[in-house]
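Here the structure comes first, spelled out in structure tokens, and everything after it is commentary.
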Amino acid sequence: MFNVQRVQFAGIDNSSGDNNGYADFTSISATVQAGDAYSITLDGAGVFFLPKRFRAWMDWDQNGVFSASELVFQANGFGQQSGTVTVPAGANLGSTRMRVNTSSLTYQGACANYSLGEVEDYTVMVIGQCQASAGALSQ
Ligand SMILES: [Ca+2]
Ligand SMILES: [Ca+2]
């Protein structure tokens, strides 16, 4: 047991427990706006004396590859870890895959196979920057 226990990001709040290495939660989605920043919190379960390393990627260009520049979060410790993810102003709009992982002794890549940890995928819907405006009451 060494797994991603809970993922919170932009409306996603999924307490998944142990999914035996990998879980496809792409049916769960968050909606984010290009150019805006959102908090992310990842929690894990494991062995008390091993720190947990967390990473998250967003496939902003939707090319099916998590590149180094798409690593949006990285933190380690014994408890839950939080940070901020800023959606690039130029991110492609629409369905974007988010991948999170946890590992112990070293950080792992987005496509790594490794023994101690877990990987989960989610969907992030990127919408365009809101350009609303409103007038004031004048007399
Ligand atoms: Ca899990
Ligand atoms: Ca990509």
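Of the residues screened, Phe54 is not one that is of a type in the set (Phe, Trp, Tyr), under 23 Å from Leu116 (Cα atoms) and surrounded by fewer than 21 Cβ atoms within 10 Å (Cβ to Cβ). Can you say whether Ser27 is loosely packed, with under 15 Cβ neighbours inside 10 Å, under 30 Å from Gln129 (Cβ atoms) and more than 11 Å from the chain's Cα centre (by Cα), as far as the supplied structure shows? Against the criterion (loosely packed, with under 15 Cβ neighbours inside 10 Å, under 30 Å from Gln129 (Cβ atoms) and more than 11 Å from the chain's Cα centre (by Cα)), Ser27 qualifies. Of the residues making up the range 83-122, those that are among the β-branched types (Val, Ile, Thr) and under 14 Å from the mean Cα position of the chain (by Cα) are Thr84, Val85, Thr86, Val87, Thr96, Val100, Thr102, Val119.
Filter the range 38-54 down to the residues that are out of contact with any Phe, Trp or Tyr (no Cβ under 6 Å at 6 or more places or on another chain) and of a type outside the set (A, V, I, L, M, F, W, C), then identify the one that is nearest to ligand 2 (Cβ to nearest atom). So, considering only residues that are out of contact with any Phe, Trp or Tyr (no Cβ under 6 Å at 6 or more places or on another chain) and of a type outside the set (A, V, I, L, M, F, W, C), the one nearest to ligand 2 (Cβ to nearest atom) is Tyr38. Asp36 passes all but one of (1) surrounded by fewer than 14 Cβ atoms within 10 Å (Cβ to Cβ); (2) within 20 Å of Cys130 (Cα to Cα); which number fails? Failing condition for Asp36: (1).
Every residue, every condition in (1) charged (D, E, K, R); (2) touching a residue at least 40 places away in the same chain (Cβ under 8 Å), yes or no:
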{"position": "Thr31", "(1), (2)": "no, yes"}
{"position": "Ala45", "(1), (2)": "no, yes"}
{"position": "Lys52", "(1), (2)": "yes, yes"}
{"position": "Ser69", "(1), (2)": "no, no"}
{"position": "Gly77", "(1), (2)": "no, no"}
{"position": "Ser82", "(1), (2)": "no, yes"}
{"position": "Met98", "(1), (2)": "no, yes"}
{"position": "Asn113", "(1), (2)": "no, no"}
{"position": "Gly117", "(1), (2)": "no, yes"}
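Among the residues of the range 52-94, those identified as part of a strand (DSSP E or B) and within 16 Å of ligand 1 (Cβ to nearest atom) are Lys52, Arg53, Phe54, Arg55, Ala56, Gln81. Scanning for something at pLDDT below 95, over 15 Å from Tyr122 (Cα atoms) and within 16 Å of ligand 1 (Cβ to nearest atom), does the range 30-46 turn up at least one residue? The answer is yes, given that some residue of the range 30-46 is at pLDDT below 95, over 15 Å from Tyr122 (Cα atoms) and within 16 Å of ligand 1 (Cβ to nearest atom).
The values are calculated or read from the model by the stated rules, or taken from the named source; none is laboratory data. Everything numeric here is computed off the predicted structure, so don't read it as measured data. Here Cβ is always computed from backbone atoms with ideal geometry, including for glycine, and neighbour counts include all displayed protein chains.
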